[in-house]
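Some notes on the structure that comes next.
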Amino acid sequence: MSAEKRVVIRTEGLEKAFRRIKALKGVDLTIKDGDVVVIIGPSGSGKSTFLRCLNRLEEPTGGKIFFNGEDITSRGSDINRHRQKMGMVFQHFNLFNNMTIMDNLILGPTKLLGLSKAEATERAQKLLDRVGLGDRGANYPSQLSGGQKQRIAIVRALCMEPEVMLFDEPTSALDPEMVGEVLEVMKDLAMNKTTMVVVTHEMGFAREVGERVIFMDDGQIMEEGTPQEIFDNPQCERLKSFLAKVL
Amino acid sequence: MKEFFAEFSKDFTQSFIEADRWKLYLKGIGVTLEVTVLALLIGLVIGLFISVVRCLHDQNPSARRNPLLRILNGFCHIYTTVIRGTPMMVQLLIMYFVIFASSRNQIMVAVLAFGINSGAYISEIVRGGIMSVDRGQMEAGRSIGLNYLQTMRYIIIPQALKSVLPSLGNELITLLKETSIVTVIGLRDLTKAAMLIQGKTYQAFMPFIGIALIYLLLVLGLSFIMNRIERRLRVDER
Ligand SMILES: Nc1ncnc2c1ncn2[C@@H]1O[C@H](COP(=O)(O)OP(=O)(O)O)[C@@H](O)[C@H]1O
Ligand SMILES: [Mg+2]
């Protein structure tokens with residue numbers, strides 16, 4: 001059963017500087033197939049920057065990122081191809097406003113994966129049904145609530161059949177009553193062994209769904225462990241004071 | 001009073017009816033509209049191209065290292081500066097008497113001159129539209145693996161064009177009115193029609209007030225159409 005799991009993403013001394021500000025100061029992290037990694041930490045600690053470096057929405061200024069063993073920070077690597085395999089979900093959903101929901105979902109599969117429109121639509125419809133929005137394909141994003149938009153955004157990423165899903169505070173922009181429906185979808189993914197990296201302030205989710213919790217502060221990983229280790233037995237002072245504030 | 005009406009109807013007949021002169025105005029309207037619409041199409045193509053080149057250059061640090069893009073961007077910069085810094089009339093004269101000195105195809109020259117001129121303005125309009133699209137749209141497009149140009153084409157430009165549609169409408173109207181200077185290269189547009197008729201009848205009032213009204217009607221008509229299109233697009237997404 002516990003055969004050695006395949007490494008999906010590995011970062012080595014990952015650094016990112018915005019002019020003078022060092023947002024990442026050497027981050028080493030390994031994410032294996034089926035892992036659910038939750039990243040917590042105070043605002044400004046570099047969580048988003050780290051996530052966005054993984055698919056190079058931000059260009060790292062130092063260190064390396066290996067995706068399926070290939071160094072995707074090297075010059076020759078085709079980042080667009082790798083991004084097809086890394087789904088990303090944003091805080092503000094970022095659905096394509098000029099398209100219907102269905103067109104949002106099939107754009108990538110038809111333009112990039114070579115699926116026919118019918119194939120892509122079928123795939124999208126299955127996933128829409130799975131998140132309970134099967135009847136929304138013809139709507140425009142502006143016609144949906146925040147929680148619905150975020151579920152669609154998750155489906156849009158899933159339609160590419162990615163090997164890893166990156167979530168950057170997917171519930172932070174939502175009204176409280178809509179947080180649950182999005183977390184449900186994410187929980188469902190986690191149970192189906194989707195490899196996920198989740199930046200979140202939802203400590204309940206981190207504890208319940210996370211297999212590994214990473215505490216980041218000041219551009220570094222300060223502590224790492226199981227939810228029990230992190231929440232019930234924190235070691236470093238900064239984690240203790242962070243937890244005291246958020247719990 | 002009676003004399004006034006008699007005079008009026010005589011002038012009117014002379015300027016519009018006699019010798020089928022109304023046909024001249026109609027032909028003139030045709031030429032004016034033809035130049036306007038074709039120039040706008042050329043302007044749109046040029047404007048889109050330039051705005052994408054300039055955004056590609058300004059937004060992508062890695063693409064900026066590409067020498068071809070830098071040359072292209074520099075060229076676009078010079079183009080917009082020169083076009084916006086010189087009078088339309090002069091551009092038209094240069095186009096007709098210098099660049100196409102051997103061609104007597106006045107329509108082609110006028111369409112090119114106005115299209116090239118309009119392209120410079122449209123590029124600025126479209127660039128503003130592209131900048132106004134939320135940054136998250138580009139990031140979302142890139143995150144599923146679309147490259148920069150694909151994201152522009154499928155996601156950014158449609159939204160940008162929609163948001164600048166009113167400005168493009170204004171550009172169309174400006175263009176329509178500005179085409180009246182094609183008379184300097186002898187093209188028989190609506191304005192030229194009035195001038196020709198005035199030369200024959202020695203009546204200035206009727207032909208010039210007449211074409212002023214015609215221009216006004218054309219502008220109102222175009223505004224109406226633009227409004228309809230805008231409203232249609234807005235309803236689409238509600
Ligand atoms: N585009 C940017 N330009 C300049 N500084 C940035 C940019 N993005 C993030 N930063 C800085 O990098 C640091 C980490 O930010 P971020 O990764 O957004 O933190 P978090 O997601 O943990 O709240 C912060 O100090 C922030 O101000
Ligand atoms: Mg953040």
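No value in this document is a laboratory result; all are computed from the given coordinates. Everything quoted here is computed from the prediction, not taken from an experiment. Note that we place each Cβ from the backbone using ideal geometry, even for glycine, and neighbour counts take in every protein chain shown.
Just report the Cα centroid separation between region A:92-130 and region B:72-142, whole Å.
Comparing the Cα centres of region A:92-130 and region B:72-142, I get a distance of 36 Å.
Please work out the FRET efficiency for the pair A:Glu70 and A:Glu224, using the Cβ-Cβ distance as r and a Förster radius of 30 Å; give the result to the nearest 0.05.
0.75
At a Förster radius of 25 Å, what calculated FRET efficiency corresponds to the Cβ-Cβ distance of B:Met108 and B:Leu26, to the nearest 0.05?
0.70
For chain A, what is the percent of antiparallel DSSP beta bridges, rounded to the nearest 5?
55
Cα centroids of region B:10-38 and region B:162-238: how far apart, whole angstrom?
14
Can you give me the angle between helix B:165-178 and the longest principal axis of chain B, using Cα atoms only, in degrees from 0 to 90, rounded to the nearest 10?
40
Starting from 0.36 nm per residue, how many nanometres of slack lie between B:Tyr79 and B:Asn147 once their C-alpha separation is accounted for?
The B:Tyr79-B:Asn147 span can extend by a further 21.8 nm.
As I understand it, the dipole of the protein assembly as shown uses +1 on the Cβ of Lys and Arg and -1 on the Cβ of Asp and Glu, about the Cα centre. Which of B:Gln198, B:Leu168, B:Asn73 lies farthest toward its positive end?
Looking along the dipole axis, the top candidate is B:Gln198.
Between B:Met138, B:Met89, B:Met195, which gets the highest mean-square fluctuation from a Gaussian network model of chain B, Cα cutoff 10 Å?
Per the Cα network of chain B with a 10 Å cutoff, B:Met138 tops the list.
At q = 0.15 Å⁻¹, work out log10 I(q)/I(0) for region B:145-238 with the Debye formula, treating every Cα as an identical point scatterer and leaving solvent out; two decimals please.
Reported log10 I(q)/I(0), two decimals: -0.74.
For B:Lys200, list the lysines whose Cα falls under 30 Å from its own Cα; do not include residues on the same chain fewer than 8 positions away.
B:Lys2, B:Lys10, B:Lys23, B:Lys27, B:Lys177, B:Lys192
Which of the trypsin sites (Lys or Arg not before Pro) across region A:152-194 are loop residues per DSSP, with 15 or fewer other Cβ within 10 Å?
A:Lys193
Using only the alpha carbons of region B:2-237, determine the length spanned along each of the three principal axes and report them from longest to shortest in whole angstroms.
77, 47, 23
For chain B, set up a Gaussian network in which alpha carbons nearer than 10 Å are linked by springs, and say which option among B:Pro158, B:Pro207, B:Pro61 fluctuates the most.
The residue with the greatest mean-square fluctuation here is B:Pro61.
At 4 °C and 1.567 mPa s, what whole-number value in µm²/s does Stokes-Einstein give for the translational diffusion of the protein assembly as shown, with Rh from the Kirkwood sum over Cα pairs?
Roughly 49 µm²/s, to the nearest whole number.
Trypsin sites (Lys or Arg not before Pro), restricted to region A:13-53: which are DSSP loop and have at most 13 other Cβ atoms within 10 Å?
A:Arg19, A:Arg20
Can you compute the charge dipole magnitude of region B:2-237 about its Cα centre, using +1 on each Lys and Arg Cβ and -1 on each Asp and Glu Cβ, nothing else charged? Give it in debye, rounded to the nearest 20.
Approximately 460 debye in magnitude.
Among A:162-170, B:222-230, how do they line up by average Cβ neighbours within 10 Å per residue, starting with the highest?
Result, highest mean Cβ count within 10 Å first: A:162-170, B:222-230.
Answer with one residue from A:Gly114, A:Gly210, A:Val164: the one whose Cα lies farthest towards the positive end of the charge dipole of region A:73-222, charges on Cβ with Lys, Arg +1 and Asp, Glu -1.
Final value for the positive-end residue is A:Gly114.
How compact and how long is chain A, expressed as Rg and Dmax of its alpha-carbon atoms in Å?
Final numbers for Rg and Dmax: 18.0, 55 Å.
Using a Cα-Cα cut-off of under 13 Å, which aspartates and glutamates could be cross-linked to A:Lys117, ignoring same-chain neighbours fewer than 8 residues away?
Hits, sequence-local ones excluded: A:Asp103.
Rounded to the nearest 5, what % of the DSSP beta bridges within the protein assembly as shown are antiparallel ones?
So the antiparallel bridges amount to about 55 percent of the total.
State the extension gain, in nm to one decimal, for the chain segment bounded by A:Glu184 and A:Lys85, taking 0.36 nm per residue of separation less the distance between their alpha-carbons.
33.4 nm is the gain from fully extending A:Glu184 to A:Lys85.
In percent, how large is the relative contact order of region A:1-106, given Cα pairs closer than 8 Å and 6 or more residues apart?
After rounding, I find 26 percent.
How far is helix A:146-158 tilted off the main Cα axis of chain A, in degrees rounded to 10, range 0 to 90?
90
Between 0 and 90 degrees, rounded to the nearest ten: what's the tilt of helix B:106-132 against the longest Cα principal axis of chain B?
Once rounded, one gets 40 degrees.
Any idea which of B:Val98, B:Val133, B:Ile211 is furthest toward the positive side of the dipole for region B:89-238, if Lys and Arg beta-carbons carry +1 and Asp and Glu beta-carbons -1?
Looking along the dipole axis, the top candidate is B:Ile211.
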